[in-house]
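One structure is given below, encoded as structure tokens.
What follows draws every value from the coordinates through simple rules; no lab data is involved. These figures come from a predicted structure and were not determined experimentally. Quick reminder, even Gly has a Cβ in these numbers, built from the backbone with ideal geometry, and neighbours come from all protein chains shown.
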Amino acid sequence: MNYDVVIIGGGPAGLTAGLYASRARLKSLLIEKGLPGGLVTTTEWVENYPGFEEGVQGAELARKMEAQAVKFGLEIIQGAVVDISLNGKIKNITLDDGTRYEAKSIILTTGAHPRLLKIEGEDKFRGKGVSYCATCDGAFYRGRKIAVVGGGDSAVQEAIFLTKFAEIVYVIHRRDKLRSEKILQERAFSNPRIKFIWDSVVEKIAGDDGVSALHISNIKTGEKSVIDVHGIFIYIGYNPNTEFLKGLVDINGDNYITTDENMSTSAPGIFAAGDVRSKPLKQITTAVGEGATAAMSAVKYIEENF
Ligand code: NAP
């Protein structure tokens, strides 16, 4: 099947690229491994996306973006891309079930996946107390004690959200300063259900059928302690989804795709946008801007090359 543009990844960058490409009357296909929406769907409440002064549920925002792009002609299918190869200017895209697509241009918006702590018990208790998504799993911990690991926007925002359910949320951070937005810090510091454990790392997640305790080490004093919790939410950043690209486009030392200001990668006709791209600010607002830019760059590339 032939398309003008194939967009790989259905988060805000991909859906916006699809919206702009469809409105430019390119025959456009978006391929998404899971459900459209990307990481936004795992965010309970989004407060910094303009136009929603009271905030908006992450899943709802994603649904609206998807509906808007589809309304203008974007086709969306579910599938995992395993290979991209070049045949002159034509790009061949292969899915894990063997389906193949041809495109004049590709926009890579594959986003990122949660980084793992890589400690004892993390694998064993995944889905049994170890979680990477407060929106998905928070309600299981009503009245319980739980922990969040990390000090960035995700950790602090989700810790605040989790206090809707949990009696106590320990935030375990490896330094004594948070990295998150100041407004989130203010809310967290004034929330009586949040208790900070500073300068500390989790060394082991312990339990029987599910998580029951965390073994913690203070990295300044060397002091070891054990806290009783029923769940641990890990928010220590994300790694980009670039494994399947294998030398197709330039990637930096942290595995993010490098682009110029037009979202062009090192491969002509292949563009990248959103969290998979090397950039200073990873936000929904920046992802949608880049998605629009990538789509318009694809329009220009096709006009000039086909
Ligand atoms: P992040 O900003 O990379 O923060 C990761 C946090 O985890 C940091 O506090 C880091 O500690 C800690 N960390 C990293 N590796 C660790 C390890 N091995 N053990 C223990 N702690 C570790 O990640 P994020 O919070 O997920 O945010 C990702 C991006 O999305 C950011 O650009 C963020 O601004 C954006 N985001 C924005 C919002 C919002 O606007 N409300 C919400 C969510 C995410 P150090 O501080 O010591 O490095």
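Near residue 133, within a Cβ-to-Cβ distance under 12 Å, what is the net charge of the other residues, with Lys and Arg +1 and Asp and Glu -1? Don't skip to the answer; put the middle values down first.
Numbers: positive: 126; negative: 44, 137, 158.
Result for the local shell: -2.
For a quick check, take a GNM of the chain with Cα springs below 10 Å and name the residue from 295, 139, 62 with the largest mean-square fluctuation. Looking only at 295, 139, 62, the largest GNM fluctuation is found for 139. The length gained on full extension between residue 53 and residue 115, counted as 0.36 nm times the residue separation minus their Cα-Cα distance, comes to 19.2 nm.
Modelled spin labels at residue 217 and residue 87, positioned 7 Å past Cα toward Cβ, are 5.4 nm from each other.
Using the Cα coordinates of the range 81-193, the gyration tensor eigenvalues translate into equivalent-ellipsoid semi-axes of 39, 18, 13 Å, sorted from longest to shortest.
Residues of the range 272-288 with an amide N closer than 19 Å to a point placed 7 Å from the Cα of residue 261 along the Cα-to-Cβ direction: 272-274, 277-282, 286-288.
Here is how the number arises for the chain: DSSP H runs of 4 or more residues each give -39500 (n - 2.57), the sum is divided by the residue count, and the result at 222 nm is -7000 deg cm²/dmol. Of the residues 27, 220, 128, the one that moves most in a GNM of the chain with alpha-carbon contacts below 10 Å is 220.
Bridges between two residues of the chain, per DSSP, are antiparallel at a rate of about 45%.
The ranking of 215, 113 from fewest to most other beta carbons within 10 Å of each one's beta carbon is 113, 215.
The modelled label-to-label distance for the pair residue 206/residue 254, using points 7 Å beyond Cα in the direction of Cβ, is 3.5 nm. Considering only C-alpha atoms, what is the centroid distance from the range 143-173 to the range 196-261, in Å? About 15 Å separates the Cα centre of the range 143-173 from the one of the range 196-261. Evaluate the relative contact order of the chain (contact order divided by residue number), counting alpha-carbon pairs under 8 angstrom at least 6 apart; express in whole percent. Relative contact order comes out at 21 percent. Taking 14 Å as the cut-off, the amide N atoms of the range 233-248 that come nearer than this to a point 7 Å along the Cα-to-beta-carbon line of residue 96 belong to 243-244. Couplings 3J(HN,Hα) of the range 138-146, computed from phi: x, 5, 5, 10, 4, x, 9, 9, 9 Hz, in residue order, whole Hz [Karplus 6.51 cos²θ - 1.76 cosθ + 1.60, θ = phi - 60°; x for Gly and Pro].
Plugging the Kirkwood radius over Cα pairs into Stokes-Einstein for the chain, at a temperature of 37 °C and a viscosity of 0.692 mPa s, what D comes out in µm²/s?
Values: Rh = 20.5 Å.
Approximately 160 µm²/s, per Stokes-Einstein.
Tally Lys/Arg at +1 and Asp/Glu at -1 over every other residue whose Cβ is under 14 Å from the Cβ of residue 111; what's the total? Local net charge: +1.
Based on C-alpha pairs under 8 angstrom that are at least 6 apart in sequence, the range 130-234 has a relative contact order of 30 percent.
Convex hull volume of the Cα atoms of the range 154-306, normalised per residue: 169 Å³. 3J(HN,Hα) along the range 268-281, derived from phi through the Karplus expression 6.51 cos²θ - 1.76 cosθ + 1.60 where θ = phi - 60°, amounts to x, x, 10, 10, 9, 8, x, 5, 7, 9, 6, 6, x, 10 Hz, with x in place of Gly and Pro. The alpha-carbon atoms of the range 71-115 define a convex hull whose volume equals 121 cubic angstrom per residue.
Dividing the convex hull volume of the alpha carbon atoms of the range 1-89 by its residue count, what do you get in Å³ per residue?
Details: hull volume 9.3 nm³, N = 89.
In the range 1-89, the Cα hull volume divided by residue count equals 105 Å³.
Of all lysines in the structure, the ones whose alpha carbon falls short of 16 Å from that of residue 246, not counting any fewer than 8 places away in one chain, are 91.
Order these by the 10 Å Cβ neighbour count, fewest first: 110, 293, 94.
Working: 110 29, 293 21, 94 17.
With the fewest neighbours first, 110, 293, 94 line up as 94, 293, 110.
This ranking places 149, 226 by how few other beta-carbon atoms lie within 10 Å of each, fewest first, which gives 226, 149.
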